[in-house]
Amino acid sequence: MNPAPASSSNLSPAQKWVAVTAYFPPTVGGSSTVAANLISTFQPASVHVISERPATIGGRHTAEPPPGVSITRFGLPPTLHRLPFARYWIRWGRYGLVPAVRRAILQALSQGAQRIVAWYPSWPFLLAAAQAARQTRVPLFTYHMDAPIPWQQAPWPDRFFFRHRQLSILQNATARLVISEALAEDFEERFNLTSTVIRHGLDLRLYPAANPEPLASHNPLRIVHTGVVEHLQYESLRRIIDAVADHPGLRAEIVLSTPNRREDLAACGLDQPHVQILALPTHEVRNLQRSAHVLLAVLPFFGSIKKLDLTAFPTKLVEYMAAGVPILVHAPPESFLAKHVRRYRYALSVDKPDPAALITALKALQEDATLRHQLARRARHTAEELYALPRVARAFADACALSPSILKPEFSS
C-alpha cells in the first residue's frame, strides 16, 4: 500500500523543483504557455524542466523558453512522422518515453529538487512523474488545464491509462492545482477531491493599457482568433466564418493565428476567402491581438465530451482581456466560460448557435463606441484583479510549498 501523500501545509519550503510538462518551449496558447509564464517567475537555478523535443509535436513551438532555465527534452525519432498514419504511431510511441522521462526526473531529484509539478494533460509525462514520486516519496503536485475526461471517451492507448491510473494519480498527489473554479467543482463532484485554483498568470507589462482602436466605417471589421484551434472548436468557429460570409452587409475579415496545419483547417471549412491564416510567434501575436477590432473565443455547442466543453476556460482569453480590445465569446450558456463572462461582464456573449445573433453582436461591436470602451475597460480590470502574474506566482509557490525566496524579486512582493 502506498503511503498517504503529505499535505502541502506540512512541508518545509523547498528551494528547487522540477516541472514536467509536454510542449516546451511553448506553443502559442494552452497549457505550455501557462507553464512558461509561471516558470519565468522563478530564479532559473531553482527549476529544472523536463519536456518534449519540438519534433514530437510537429515542430510547432513558436515561443522562446524562459532564459537560463535548464531543460531536458525527449522525443520520438523524426522518421516516425513520415510513416503512414503517423498520428497513431506517435500516440503509441510517446508511452515508450516513460522510462527515460522517469530517469530524468530522478536525476533532477538527486541534484536537489524537492518537488515535482506535473502538468495535465501531458500523458505520458504525467505517468512518469507519478512513478518517480512513488519511488522517491517526493511530493507530487498535478496542475490541471482541463477536466479529466471519462476513460470511455479517451483514445487508445490513453484509454488504458485513464481507466487504470488516472484516479490513483489524482488521489495520491500531495495537492491538485486547477486553472479555474469550474475544475475545482468538477473534482469535488466526480472524485470527492479538493483542489486549489491557480489561474493562468499573465505578465501585464507586456500589454500596456490601451483604449480600443477607433473604427473607420470604410474599413472592414477585423475579427481575430489566436492560439490552437481545438478540433471540437471547429464547429463554433465555422459558424462565425459562415455567418460573416453569408452577410455581405457586414464588411469583415477574420484572422486566425494558429499553429494548426492549414490543410486541417481547410478540411473543416475554415479556410475561406475572407479568412487569413497565419502562424505568428508570440511577440507578433500580442501585436495582432492589440490591432484587432474584435477578439474571438469559442467553445463547441455540440461536442462529444460535454464535461470538457462545459468546464473549459481558454487561456487565450486572459491575453484578450489585457489587450484593450473588445471580446466576443461564443459558448453554451451553461458553460463555465459563459457564466464567467456574465459575472465579470468583460465580453459580449452569444450563447446560442444562431448565425443571426452573431451578426447582431458583431454589428454592435462595430457601431457602439461606448460598448467597446466599456468591455475593454472591464476586461483589463478583470485581468489585473485575477490574472496578474506576480499574484498568481505567489499563490503557486504557496500551494506547492516552494520558498518565496526562489521567486525573482519583481514577482515575490
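The values are calculated or read from the model by the stated rules, or taken from the named source; none is laboratory data. Every value quoted in this text rests on a predicted model; they were computed, and no experiment measured them. Note that each Cβ is placed from the backbone with ideal geometry, even for glycine, and that neighbours are counted across all protein chains shown.
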**Message:** Quick check on my filter: what residues within segment 114-142 are in contact with a helix residue (DSSP H, G or I) (Cβ under 6 Å, 6 or more places away or on another chain), in a loop (DSSP other than H, G, I, E, B) and modelled with pLDDT of 95 or more?
**Reply:** Val138
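Residues checked against (1) among the hydrophobic types (A, V, I, L, M, F, W, C); (2) under 22 Å from Ala245 (Cβ atoms); (3) crowded, with 16+ Cβ neighbours inside 10 Å:
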site: Tyr346; (1), (2), (3): no, no, yes
site: Ile359; (1), (2), (3): yes, yes, yes
site: Gln366; (1), (2), (3): no, yes, yes
site: Thr370; (1), (2), (3): no, no, no
site: Arg378; (1), (2), (3): no, no, yes
site: Glu385; (1), (2), (3): no, no, no
site: Arg391; (1), (2), (3): no, no, no
site: Phe396; (1), (2), (3): yes, no, yes
site: Ile406; (1), (2), (3): yes, no, yes
**Asked** Could you say whether any residue in segment 281-303 is buried (at least 19 other Cβ atoms within 10 Å of the Cβ), without any contact (Cβ under 8 Å) to a residue 40 or more places away in the chain and not assigned by TED's automatic domain parsing to the domain that holds Val178?
**Response** no
**Prompt:** Across segment 250-280, which residue is surrounded by the most Cβ atoms within 10 Å (Cβ to Cβ) among those that are over 27 Å from the mean Cα position of the chain (by Cα) and closer than 21 Å to Ile327 by Cα?
**Reply:** Ala252
**Asked** List, please: which pairs have Cβ atoms under 8 Å, are six or more places apart or on different chains, and start with a residue in segment 190-212 that is more than 15 Å from Tyr346 (Cβ to Cβ) and in contact (Cβ under 8 Å) with a residue 24 or more places away in the chain and end with one that is in a loop (DSSP other than H, G, I, E, B) and among the β-branched types (Val, Ile, Thr)?
**Response** Ile198/Ile179; Gly201/Thr41
**Message:** assigned by TED's automatic domain parsing to the domain that holds Ile223 and free of Cβ contacts under 8 Å to residues at least 12 places away in the same chain: is that true of Thr311 in this structure?
**Reply:** no
**Request:** Go through Leu278, Leu270 for me and flag whichever is among the hydrophobic types (A, V, I, L, M, F, W, C) and either under 19 Å from Leu365 (Cα atoms) or in contact (Cβ under 8 Å) with a residue 24 or more places away in the chain (or both).
**Result:** Leu270
**Item:** Output for segment 76-94, where each listed residue is in contact with a helix residue (DSSP H, G or I) (Cβ under 8 Å, 6 or more places away or on another chain) and either surrounded by fewer than 16 Cβ atoms within 10 Å (Cβ to Cβ) or part of a helix (DSSP H, G or I) (or both)
**Value:** Pro78, Leu80, His81, Leu83, Ala86, Trp89, Ile90, Arg91, Gly93, Arg94
**Request:** Output the residues belonging to segment 143-169 that are in a helix (DSSP H, G or I), within 25 Å of Ala401 (Cβ to Cβ) and in contact with a helix residue (DSSP H, G or I) (Cβ under 6 Å, 6 or more places away or on another chain).
**Result:** Ile169
**Asked** In segment 157-185, how many residues are among the basic types (Lys, Arg), surrounded by 15 or more Cβ atoms within 10 Å (Cβ to Cβ) and farther than 23 Å from Val34 by Cα?
**Response** 2
**Asked** Which of the following residues is farther than 24 Å from Leu221 by Cα and at pLDDT below 95: Ala312, Ala279?
**Response** Ala312
**Prompt:** Which one of these is at pLDDT below 90 and closer than 24 Å to Arg394 by Cα: Ala182, Ala209, Ala173?
**Reply:** Ala209
**Message:** Given the condition surrounded by fewer than 16 Cβ atoms within 10 Å (Cβ to Cβ), modelled with pLDDT under 95, part of a loop (DSSP other than H, G, I, E, B) and not charged (D, E, K, R), answer yes or no: does some residue in segment 231-243 qualify?
**Reply:** no
